[in-house]
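Below is one structure, written out as structure tokens; comments come after it.
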């Protein structure tokens, strides 16, 4: 969504879009808990405002319009490059943290399999 918002920064009338990351994480957590340990069962995400699942199990994402920060620019847009870059930095840091945690977990599993600690 950030890339789309930045690409349309100078498109007159374009309204920035967003996805509620916390709602998606909550729906994903619920789907994982419902599925349990059986990896053969499909992952069914409960449909919400922005995320729905079709009959075949495909996830469809429909972003919502980002609420304006009490600013509506002269060309009808509601977003700024500064806010998009701040959102991008936050997303990057979250991704790096998740990657580092996963890497540490995999390193621990490799050591356990090899018998070295």
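Scanning segment 49-63 for residues that are in a loop (DSSP other than H, G, I, E, B) and surrounded by 14 or more Cβ atoms within 10 Å (Cβ to Cβ) returns 50, 63. The listed residues are 66, 41, and the only one of them that is touching a helix residue (DSSP H, G or I) at 6+ places or on another chain (Cβ under 7 Å), surrounded by 10 or more Cβ atoms within 10 Å (Cβ to Cβ) and at pLDDT below 85 turns out to be 41.
Candidates in segment 43-65 are the residues that are in contact with a strand residue (DSSP E or B) (Cβ under 9 Å, 6 or more places away or on another chain) and in contact (Cβ under 8 Å) with a residue 24 or more places away in the chain; of these, the one that is nearest to residue 29 (Cα to Cα) is 51. Return yes or no: is residue 107 over 21 Å from the mean Cα position of the chain (by Cα), surrounded by 10 or more Cβ atoms within 10 Å (Cβ to Cβ) and modelled with pLDDT of 85 or more? Spelling it out, residue 107 is indeed over 21 Å from the mean Cα position of the chain (by Cα), surrounded by 10 or more Cβ atoms within 10 Å (Cβ to Cβ) and modelled with pLDDT of 85 or more. A single entry from 112, 98, 86 fulfils the requirement of being within 27 Å of residue 12 (Cβ to Cβ) and modelled with pLDDT of 85 or more: 86.
The values are calculated or read from the model by the stated rules, or taken from the named source; none is laboratory data. In this text the structure is predicted, and so the values were computed from the model without any measurement. Here the Cβ is made from the backbone with ideal geometry for all residues, glycine too, and neighbour counts use every protein chain on show.
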